1. So which residues in region 116-162 are under 27 Å from ASP33 (Cβ atoms), outside any helix (DSSP H, G or I) and free of Cβ contacts under 8 Å to residues at least 24 places away in the same chain?
2. Looking at ILE52, is it part of a helix (DSSP H, G or I), touching a helix residue (DSSP H, G or I) at 6+ places or on another chain (Cβ under 6 Å) and open to solvent by less than 10 Å² (accessible area, probe 1.4 Å)?
3. Looking at LYS83, LYS63, LYS67, which one is within 16 Å of the chain's Cα centre (by Cα), in a helix (DSSP H, G or I) and either modelled with pLDDT of 95 or more or not polar (S, T, N, Q) (or both)?
4. Mind listing whichever residues of region 63-94 are hydroxyl-bearing (Ser, Thr, Tyr) and open to solvent by 40 Å² or more (accessible area, probe 1.4 Å)?
5. Among the residues of region 32-45, which ones are farther than 18 Å from LYS119 by Cα and open to solvent by less than 90 Å² (accessible area, probe 1.4 Å)?
6. Return the pairs, sorted by first residue and then second, in which the second residue is open to solvent by 10 Å² or more (accessible area, probe 1.4 Å) and part of a loop (DSSP other than H, G, I, E, B), the first residue lies in region 1-29 and is touching a residue at least 24 places away in the same chain (Cβ under 8 Å) and among the aromatic types (Phe, Trp, Tyr), the beta carbons are less than 9 Å apart, and the residues are 6+ apart or on different chains.
7. Could you please find all residues in region 5-31 being assigned to a loop (DSSP other than H, G, I, E, B) and open to solvent by 10 Å² or more (accessible area, probe 1.4 Å)?
8. Here are some conditions: (1) open to solvent by 60 Å² or more (accessible area, probe 1.4 Å); (2) modelled with pLDDT of 95 or more. ILE113 meets all but one. Which one does it not meet?
Amino acid sequence: MKKYLVGVDEVGRGCLFGPVVAAAIILENNNFDLKDSKKLSKKKRIILLSEIEKNAIKISIGKASVKEIDSLNIKEASLLAMKRAILGLKVKNIEIIVDGIDTPKINYPCKAIIKADNKIPEVMAASIVAKVHRDNLMIAFSKKYPDFSLEKNKGYPTKEHLNILKSLGPTKYHRKSFKPVLDAR
């Protein structure tokens, strides 16, 4: 039985707002120009997302909520989002490569590689899918919370976001366990 390589990456660990999002991907073909999502423009990520979707055998997204982030901690919540993404593939014969130093607790061969999102096409693809998905979530949240400029800052602690947070206070989607949010209460 063929074993599939699964690339896994997460986005949003350093954000003050919203869930942490992970993607798990199995690619049929990785013969196109992938890079870490952080090294790509928004336009290029969207173009590559289309290529990834055409060349993927399976794609799955996993999330951990603000409530889970605040109760577990960001590291454990990130690993939970990764585990959910992997389980969402519903494929058994897999080997997993995760970007970073930690792996989720899962009953599959799983290896963490630092900077895998710069080295392994499946992890690069997961980085792009997770980033586009989370950015789209932040754009949707910006309609509900227009004063926070989430469509621009994507929930990261930019100077503007920190100033708005101090002025208006946190929403229910701000991570209450993060110091800048605690300080703004």
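1. Correct list: LYS119 only.
2. yes
3. Testing whether each residue is within 16 Å of the chain's Cα centre (by Cα), in a helix (DSSP H, G or I) and either modelled with pLDDT of 95 or more or not polar (S, T, N, Q) (or both) leaves just LYS83.
4. Passing the criteria: SER65, SER71.
5. SER41, LYS44
6. TYR4/VAL91; TYR4/ASN93; PHE17/TYR145; PHE17/LYS154; PHE17/TYR156; PHE17/PRO170; PHE17/THR171; PHE17/TYR173
7. ARG13, GLY14, PRO19, GLU28, ASN29, ASN30, ASN31
8. (1)
The values are calculated or read from the model by the stated rules, or taken from the named source; none is laboratory data. Source: prediction; values computed, not measured. Note: ideal-geometry Cβ built from the backbone for every residue, glycine included; neighbour counts use all protein chains shown. Accessible surface is based on the protein model in full, side chains and every heavy atom, while ligands, DNA and RNA are left aside. Shrake-Rupley method; radii C 1.70, N 1.55, O 1.52, S 1.80 Å.
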